[in-house]
Amino acid sequence: MTHIRLTPLAQSLPATVPFVGPETQERARGSAFEARLGANENVFGPSPQAIRAMAEAPQWMYGDPESHDLRTALAAHHGCTPDHIMVGEGIDGLLSYIVRLMVGPQDAVVTSAGAYPTFNYHVAGFGGTLHAVPYVEDHEDPQSLLAKAAEVDAKLVYLANPDNPMGSHHKGEDIVKAMDDLPATTLLILDEAYVECAPEGTAVPLPADDPRLIRMRTFSKAYGLAGARVGYAIGHPDLIQAFHKVRNHFGMNRAAQAGALAALNDQPYLAQVQQQITQARDQIAQIAQDNGLTPLPSATNFVTIDCGRDGDFAKAVLDGLIAQGIFVRMPFVAPQNRCIRISCGTPAMLQALATALPKALADAKQG
């Protein structure tokens, strides 16, 4: 073959990477990070029951292509039927499927400027036209999103609640009220990846079969199974059924299915992790305040810290932390890029952060 016959769309796309992984950064710097606090992983780990179930899963068999047992358990957990549940390869995989199902060349899609970039990556990959609205007071703004959706006749609107990268959240009932303005032909994608870390009342109080939205959940955050890549969607059965047209038939491996099922069934362990996340958030906030910085309120498993200046200064602080072996990230879009984002960590990891941050700040101020 002398010429790779890409589609015109594929030829037009830049080679983008939504996130540069910490492993890539470790290889570039020639050493491992002392504290991995940038990917919003749950460093407290999954339930021991989940670890055991994954280790004992018979690997010679393909995973159940319908994820029957996990979907049945999730349906019971959420008070719906398995027909309302689709399991996929993390929320990233599910976002790819819903965009593939609904977005063609030039179709309008709305999101917030600076929100989760992987969604944008999928929209570009299927030829959609992305329209972004700014944050309002460091929150994604449902009213702005829905107004833009009406303006451009959007097929999809993406809203994360709680939000990444700012850690902010809306009450579920406030999102329901805002949905009164959702255009009749627009589907709301509500990314609730961090909802298990959030205050009571953050989840939307709507039935699973409400046709106006599809909710995305994950086992990567509070359940501690980021490496297993298990996400699920809750939606109207007609929409969920459509996923079977495009999903990877054997996309979910058997060990991941077993681990997620065991994690779901160990709610006491989840409660323990939720307490550890709360304690870690408080410790990160205190470290920020001890250094004259402002921690933003968080309903997630990370804390976003306002560095008080502009994006260049925040990037200098981030680089100073990385140079000392502390992996963190920051928002990509101004004015939120005045901040850095710190994932919850173990006491040892956060002590390393507390030691490294004063030097990073001092170096950044010297320019």
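Could you please let me know if Asn301 is open to solvent by 10 Å² or more (accessible area, probe 1.4 Å) and modelled with pLDDT of 95 or more?
Values: open to solvent by 10 Å² or more (accessible area, probe 1.4 Å): no; modelled with pLDDT of 95 or more: yes.
In short, no.
Take the residues in the stretch 4-27 that are over 25 Å from Gly114 (Cβ atoms), open to solvent by 80 Å² or more (accessible area, probe 1.4 Å) and of a type in the set (A, V, I, L, M); name whichever of them is modelled with the highest pLDDT.
Residue satisfying both the conditions and the ranking: Leu6.
Give the number of residues within the stretch 56-73 that are under 21 Å from Lys245 (Cβ atoms) and in contact (Cβ under 8 Å) with a residue 40 or more places away in the chain.
Counting residues in the stretch 56-73 that are under 21 Å from Lys245 (Cβ atoms) and in contact (Cβ under 8 Å) with a residue 40 or more places away in the chain gives 7.
Can you name every one of the helices (runs of 4 or more DSSP H) wholly within the stretch 246-337 that holds 3 or more residues which are over 24 Å from Ala73 (Cα atoms)? Before the answer, list the steps.
Values: elements: 254-265, 267-290, 311-323.
The qualifying helices (runs of 4 or more DSSP H) are 267-290, 311-323.
Given the condition over 28 Å from Cys344 (Cα atoms), surrounded by fewer than 21 Cβ atoms within 10 Å (Cβ to Cβ) and in contact (Cβ under 8 Å) with a residue 60 or more places away in the chain, answer yes or no: does some residue in the stretch 254-268 qualify?
So far as the stretch 254-268 goes, yes, one or more of its residues are over 28 Å from Cys344 (Cα atoms), surrounded by fewer than 21 Cβ atoms within 10 Å (Cβ to Cβ) and in contact (Cβ under 8 Å) with a residue 60 or more places away in the chain.
The values are calculated or read from the model by the stated rules, or taken from the named source; none is laboratory data. Everything numeric here is computed off the predicted structure, so don't read it as measured data. Ideal geometry is used to build each Cβ from the backbone, glycine not excepted, and the neighbour counts take in all protein chains shown. These accessible areas exclude ligands, DNA and RNA; they are computed on the full protein's heavy atoms, side chains included. Shrake-Rupley method; radii C 1.70, N 1.55, O 1.52, S 1.80 Å.
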